[in-house]
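These notes concern the structure reproduced below.
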Amino acid sequence: MYFEEPGWPLIDDFFLRLAEGRKAETVRRYARVRLRLYDFLDVDDMTQWLDPDDATLLAAEREFVRDGALWTVLGLDGVLRCLPGFLTDDQLPTSAAEARMQVSVISRFVTDLRNRHLVPHEHWQSLLLARRAVMRARTHLDDERRRAVI
């Protein structure tokens, strides 16, 4: 993603606020989540998360510009619609601590967008879907933790 893209400041500013006053190790973990998020948004197949027209539009844009294509053509609503995919088993790190961190960071990101009134009313459904995905991912990780203890 390039600095002039609209999503860059939104995500980077969030991560800067999140890292403020934290220990160096925590800041590094946040940075790993941020890099995985950018990679996911720029590279992964989003057909499961977008309607067919938007998925086709995104695929066409990625043929010319991979970095930031999702932001460019679909904006914040597109990112919110795709965030549930970032919380699936395929995208979560194998380390339980890193997976919990990823879910926690995305939860905070979605909450931050809501609290700062950055999501227009017409895109609240996408925000709610992202919040539900966070809850499902947390439940899944909690279930795995309980099974590991047994």
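The values are calculated or read from the model by the stated rules, or taken from the named source; none is laboratory data. Treat the numbers as computed from the prediction; the structure is a model and nothing was measured. Note that we place each Cβ from the backbone using ideal geometry, even for glycine, and neighbour counts take in every protein chain shown.
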query: Which pairs do you get when a residue that is in contact (Cβ under 8 Å) with a residue 12 or more places away in the chain, found in region 53-69, comes within reach of a residue that is of a type outside the set (A, V, I, L, M, F, W, C) and surrounded by fewer than 12 Cβ atoms within 10 Å (Cβ to Cβ), reach meaning Cβ atoms under 7 angstrom, with the pair 6+ apart or on two chains?
result: Asp67/Tyr2; Gly68/Tyr2
- prompt: Residues of region 87-104 being in a helix (DSSP H, G or I) and surrounded by 13 or more Cβ atoms within 10 Å (Cβ to Cβ), which ones?
  reply: Ala96, Glu98, Ala99, Arg100, Met101, Gln102, Val103, Ser104
query: Which condition breaks for Val119 when tested against (1) within 15 Å of Gly75 (Cα to Cα); (2) assigned to a helix (DSSP H, G or I); (3) hydrophobic (A, V, I, L, M, F, W, C)?
result: (2)
- prompt: Is it true that some residue in region 67-77 is surrounded by fewer than 19 Cβ atoms within 10 Å (Cβ to Cβ), more than 20 Å from Leu127 (Cβ to Cβ) and at pLDDT 95 or above?
  reply: no
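Please determine, by comparing only the residues of region 1-35 that are acidic (Asp, Glu) and surrounded by 11 or more Cβ atoms within 10 Å (Cβ to Cβ), which one is modelled with the highest pLDDT. Let's see the steps before the verdict.
Let us first name the residues in region 1-35 that are acidic (Asp, Glu), namely 4-5, 12-13, 20, 25.
Checking the rest, the ones that are also surrounded by 11 or more Cβ atoms within 10 Å (Cβ to Cβ) come to 5, 12-13.
Working: Glu5: 53, Asp12: 90, Asp13: 93.
Going through the qualifying residues, I end up with Asp13.
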task: With the condition kept exactly as written, say whether any residue in region 55-66 is touching a Leu at 6+ places or on another chain (Cβ under 7 Å) and assigned to a helix (DSSP H, G or I).
output: yes
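Confirm whether Gly85 is closer than 22 Å to Asp13 by Cβ and under 14 Å from the mean Cα position of the chain (by Cα). If you could, list the steps in order and put the result at the bottom.
Values: closer than 22 Å to Asp13 by Cβ: no; under 14 Å from the mean Cα position of the chain (by Cα): yes.
When the stated conditions are applied, Gly85 does not pass them.
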